[in-house]
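See below for the structure under consideration.
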Amino acid sequence: MIMINLLPHREERRKRRKIAYYAGLGVAALAGVAIVGVWYLVVEQLVSGQQQRNAFLQSEITKLDVQIKDIASLKAEIASLKARQKAVEDLQIDRNVPVNVLNELVRQVPEGIYVTSVKQDGQNLLVAGIAQTQARVSEFLRNTAYTSEWLVKPELVESKAAVIQGATRGEQKRLFDFSVRLTVKRPQDGPASAPPGAVARPLATQASAPAAPPAKAPAPKKA
């Protein structure tokens with residue numbers, strides 16, 4: 001016997017397929033929303049962590065900036081203290097320079113020269129005077145160039161003849177007005193090879209002392 005199904009089974013199948021399709025779409029949408037939500041939470045957590053790290057780095061950078069400013073101010077103070085210390089040391093070293101310069105002028109000015117003025121500007125010294133002859137001026141230049149400890153680099157600025165009235169009436173003397181520029185050698189301008197704290201000695205004492213003669217052997221005793 002043949003059985004014929006007269007129910008609308010095709011429509012029922014279509015409905016079931018549609019329901020399954022829409023259910024699959026709903027499940028996929030929910031899964032997508034869940035995935036997006038989880039990814040959003042993860043990204044938010046990463047961003048929050050990075051912001052915390054950035055805030056920490058910024059606070060540390062601010063602290064370092066403050067420390068750098070303190071270090072810069074300390075360096076400036078140290079440099080200022082060093083400059084003051086050097087100025088005090090220079091003053092202590094240079095306090096005897098005028099006396100040494102005057103003593104050196106007394107030693108180096110030859111006979112026949114009368115010094116009329118001495119002017120010092122820093123390390124520059126201008127000496128003016130009257131000489132009997134040009135040879136006296138040349139001797140003064142040689143002395144300061146080769147044998148002077150405190151006066152170096154002599155330079156003749158001017159030398160001209162002048163006529164001066166003598167002691168008796170009508171007597172005239174022919175002299176020479178001259179001016180010489182010198183450089184004052186400071187104690188700290190000594191040779192670089194000298195040990196720190198060493199005191200510069202005069203040129204005469206810097207020469208090496210003669211070696212002591214060898215001791216004589218005792219004479220043999222006579223029998």
Of the residues in segment 111-123 that are outside any strand (DSSP E or B) and touching a strand residue (DSSP E or B) at 6+ places or on another chain (Cβ under 9 Å), the one that is modelled with the lowest pLDDT is 122
For segment 124-145, what are the residues that are assigned to a helix (DSSP H, G or I), in contact (Cβ under 8 Å) with a residue 24 or more places away in the chain and loosely packed, with under 15 Cβ neighbours inside 10 Å? 134
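Per-residue answers, yes or no, for (1) surrounded by 12 or more Cβ atoms within 10 Å (Cβ to Cβ); (2) assigned by TED's automatic domain parsing to the domain that holds residue 106; (3) at pLDDT below 85; (4) closer than 25 Å to residue 122 by Cβ:
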{"position": "148", "(1), (2), (3), (4)": "yes, yes, yes, yes"}
{"position": "152", "(1), (2), (3), (4)": "yes, yes, no, yes"}
{"position": "164", "(1), (2), (3), (4)": "no, yes, yes, no"}
{"position": "171", "(1), (2), (3), (4)": "no, yes, yes, no"}
{"position": "174", "(1), (2), (3), (4)": "no, yes, yes, no"}
{"position": "179", "(1), (2), (3), (4)": "yes, yes, no, yes"}
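Restricting attention to segment 146-166, and to residues there that are of a type in the set (Ser, Thr, Tyr) and in contact (Cβ under 8 Å) with a residue 24 or more places away in the chain, which single residue is farthest from residue 179 (Cα to Cα)? If you could, list the steps in order and put the result at the bottom.
First pass over segment 146-166, keeping only residues of a type in the set (Ser, Thr, Tyr): 146-148, 159.
Next, only the ones that are in contact (Cβ under 8 Å) with a residue 24 or more places away in the chain stay: 147-148, 159.
Details: 147: 20, 148: 18, 159: 7 Å.
That would be 147.
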Residue under evaluation residue 107, criteria (1) of a type in the set (D, E, K, R); (2) over 36 Å from the mean Cα position of the chain (by Cα); (3) part of a strand (DSSP E or B), criterion not met: (3)
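The values are calculated or read from the model by the stated rules, or taken from the named source; none is laboratory data. Just so we're clear, the structure is a prediction, and the values are computed from it rather than from any experiment. When we count neighbours, we look across all protein chains shown, and the Cβ atoms used for this are built from the backbone with ideal geometry, even at glycine.
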